[in-house]
1. On a 0 to 90 degree scale, rounded to 10, what angle separates helix 125-136 from the longest Cα axis of the chain?
2. Want the number for Arg289 to Gln103: 0.36 nm per residue separation, take away the alpha-carbon distance, what's left?
3. With everything on Cα atoms, drop me the angle between helix 175-188 and the longest principal axis of the chain, reported from 0 to 90° to the nearest 10.
4. Over the chain, average the accessible area per residue using a 1.4 Å probe and give it in Å², no decimals.
5. Among 83-89, 153-159, 37-43, how do they line up by average Cβ neighbours within 10 Å per residue, starting with the highest?
6. How large a share of the accessible area of region 154-272, in percent, is made up of carbon and sulfur atoms when the probe is 1.4 Å and the other protein chains stay in place?
7. Considering only His27, Ser160, Ser87, whose Cα is most displaced toward the positive end of the charge dipole of region 10-166, charges sitting on Cβ of Lys, Arg (+1) and Asp, Glu (-1)?
8. Using the structure shown, select from Lys182/Lys266; Lys121/Lys217; Lys182/Lys245; Lys80/Lys112; Lys84/Lys112; Lys149/Lys206 the pairs with a Cα to Cα distance greater than 20 angstrom.
Amino acid sequence: MNFCGFSFDTDTRGQISRLAQSGRLPHAVIIESKSDEQAQNLAALLSAYAVCESGDRPCGECRQCKNALANAHADISYLKPDSKSKSGKYSIDQMRALAVDAQVRPNDARAKVYIFKECDKRLQEVTQNAFLKLLEEPPQQIYFFLLVKNVNALLPTIRSRCTVIRAGGEEAVSDEARESAKAIVTAMLSPREYDLLLALTAMTDKTQQAGILLAVKNHLRDALVTLSGGNADSDPELARRLASKLTRKKIIELIELNGSCDYRLKQNSNITLLTTWLCGEYRRIIWQR
Ligand SMILES: [Zn+2]
């Protein structure tokens, strides 16, 4: 995957690479990032991916890519808030106009892209509802990228129809997700499979899944730090227990497993099957000799 000169953290690069490997760019992507700049970089990269003419997308070299990366492509629109809105929001009228525009074939490229910036502020619930129909039945070769600081600012009906990519920086993890993650990691060290299965039921709450996985990963990273003689920041006691039980190789395997689980979740895998699988994989890695 060519990142066209943008620098993203390892997690973000992994998420984009997996999308590219699947060979299919989802028609609706939520880009969640604390950094507006990173979110826009990622939107520009995915836009180039959508319009690129090369076999190895995005090539970064063809005319389509260059225009996309320069934010100067006729078929890539950065939606501006409605000029009539004093508070700088997208309007329902705009969503209606967008639905009409989306039916018009691209000018130049094989696809059209619409990018919504700062959706936390600009995309109110009523406007999201107006947008929903278009999102559900998008015309061919239309892509929507929704940029948010926090994915929970969007309605569940919108979220469930989009693929979420998180770009850069640490995201906010709720206290609830933190607690669930701690219970999961503690249960990983229990010899009883049931303890882990029970702890993993917290994952059935869709709004908590990503936060839980991230918090689990942080515990595992802390264990790695502890193994290397450093100080864990969040829960040193748990990190020490993990480090005394697991080898470096196993911890890295667990972190990688977390990454592929995150990916499966975004693909809307069946959560019961997923937690059962995850439980089995965690235990296989931890208890194998
Ligand atoms: Zn290209």
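The values are calculated or read from the model by the stated rules, or taken from the named source; none is laboratory data. As the structure is a computational prediction, the values presented were derived from the model and not from experiment. When we count neighbours, we look across all protein chains shown, and the Cβ atoms used for this are built from the backbone with ideal geometry, even at glycine. The area values use the complete protein model at the heavy-atom level, side chains included, leaving out ligands, DNA and RNA. Shrake-Rupley method; radii C 1.70, N 1.55, O 1.52, S 1.80 Å.
1. 90 degrees
2. Numbers: separation 186, 0.36 × 186 = 66.96 nm, distance 5.84 nm.
Full-extension gain reported as 61.1 nm.
3. Tilt relative to the chain: about 40 degrees.
4. Numbers: 14330 Å² over 289 residues.
Value returned for the chain: 50 Å² of accessible area per residue.
5. Numbers: 83-89: 11.1, 153-159: 17.1, 37-43: 22.1.
Order by mean packing, descending: 37-43, 153-159, 83-89.
6. On the way: 3050 of 5910 Å².
Ligands and nucleic acids excluded, carbon and sulfur give 52 percent.
7. Going by the charge dipole, the pick is Ser87.
8. On the way: Lys182/Lys266 22 Å; Lys121/Lys217 30 Å; Lys182/Lys245 16 Å; Lys80/Lys112 16 Å; Lys84/Lys112 25 Å; Lys149/Lys206 18 Å.
From the list (Lys182/Lys266; Lys121/Lys217; Lys182/Lys245; Lys80/Lys112; Lys84/Lys112; Lys149/Lys206), the Cα-Cα distance tops 20 Å for Lys182/Lys266; Lys121/Lys217; Lys84/Lys112.
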